[in-house]
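The values are calculated or read from the model by the stated rules, or taken from the named source; none is laboratory data. These numbers were taken from a predicted model, which means no experiment stands behind them. With ideal geometry, Cβ positions are generated from the backbone for all residues, glycine too; neighbour counts draw on all protein chains shown.
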Amino acid sequence: MMDLKPLFENLVPDEQPPSGVDVGAAVRAGRRLRRRRRALTASVPLAAAAVTALVLATGSLADLGRRDASATPSPSAASIGNIWSSAMTTIPAAASDGLAYTPVTALSATELLLRAGTSSGGGGRLEVYDTAAGRARVLGDMPQPDGTRDYHPQAVEPGPEHVAWWAQDVRAQRASDVWVLPRAGGQAALLARLTGPAAAVERLGVLRDRVVWSVRQGGLYAVPITGGAPQALPGTGGLHLVSWPWASDVRRHDTGRNQSVLVNLETGERTSLPAPRGATGMRCSPNWCVATLDGRTVVWGPGGGEPRAVRGSLSPSSQIRADRFIDLGTTVHDLVTGQDTDLGPKTSPGGVAWHGGGSSSPGLVFSRQACGPSSCGPGRGPDLAVLNLAAVQG
């Protein structure tokens, strides 16, 4: 492995946060990590009005799977059927009524949030599949309003008490709807019909008392979980939600820019992120950074941890998931243990690609069609092979 330490000796800010960002600095990530970061970060508190608007009750999967960032990495690669075997499972590819399942994300080590729908993408319902019990329970339908022939629900996001999604009529792309459904099951409710700048939804976050989202041009909005008029959140200009409460100054697929700030929307604090010279596509979570440097994918701790090269390549779809995993092409790398696993070919023998989940924030499942012990026989369709990152041991 090449010696990467000299490449990090002169860290320089690659880009400045956009002028619209006036939120404070330094991430709330634990006392030990904060002490390590002090040489690289600066804290600037939010104005009192912005704090009032941004300190909201949390409800995120951001901490799911998080481990001590100082764990000793192992350089060896492993197959899915080996080290990560506890995270691999097989579920039916369709519900009992024939609607196809699409895994959205993991709710726990044994619960998968599924969307059941048709290939046209309209309507359908949400279900939770218990991999330990081998059965699903219906949460509720994803409504298809009258007269909206081309109405398509988009990315789904779970919260502590509700699941939310946004939907759009493809014939009226300048308008979007935000829906919520109780996690205990029930009837979906339309929270808001969005027009204007607020309608350009890119990602959702679901809290106990409201739904928040960022828009493609930057900035965040919120609406109460009981419904009402959307409100712009002060001090969030230029920011893009990653997974509540974390936001970045770059859009997800904007691989031409390095991330230069990580903002905690609960506290109003931020971390300024200096990029190594020559780094491209740098993205950081509370405990990790990843970038392409000198033709290789490199990961390190934002507090100055020793960098290491990992196999696989960053792509526009690569995301740091649960502050622990990063998908690099057909490889999923565990940033904490240093282990990685191959998903196999980009497509299965039948030509079906691995699917990275349908959640709004970086999800915790990968799935694809696969023949199981009782499937792919006469009159039977394929099962779904699912890698549940929330079930990864170690």
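List of remarks:
- Restricting the stretch 236-247 to residues that are buried (at least 23 other Cβ atoms within 10 Å of the Cβ) and not hydrophobic (A, V, I, L, M, F, W, C) leaves a set whose member that is farthest from the chain's Cα centre (by Cα) is T236.
- One residue stands out among those in the stretch 260-274 that are in a strand (DSSP E or B) and modelled with pLDDT under 95: the one that is surrounded by the fewest Cβ atoms within 10 Å (Cβ to Cβ), which is S272.
- Count - residues of the stretch 169-190 that are under 11 Å from P143 (Cα atoms) and assigned to a loop (DSSP other than H, G, I, E, B): 2
- In the stretch 327-394, counting only strands (runs of 3 or more DSSP E) that sit wholly within it, the ones holding 3 or more residues that are at pLDDT 85 or above and more than 16 Å from the chain's Cα centre (by Cα) span 340-342, 383-388.
- Selection within the stretch 275-306: residues that are surrounded by fewer than 20 Cβ atoms within 10 Å (Cβ to Cβ) and in a loop (DSSP other than H, G, I, E, B). The member of this set that is nearest to the chain's Cα centre (by Cα) is G301.
- Looking only at residues of the stretch 96-132 that are at pLDDT 95 or above and assigned to a loop (DSSP other than H, G, I, E, B), we find that the one that is nearest to the chain's Cα centre (by Cα) is L107.
- Residue match in the stretch 273-282 (condition: closer than 21 Å to R321 by Cβ and small (G, A, S)): yes
- Qualifying residue in the stretch 158-177 (condition: among the small types (G, A, S) and on the phi > 0 side of the Ramachandran plot): no
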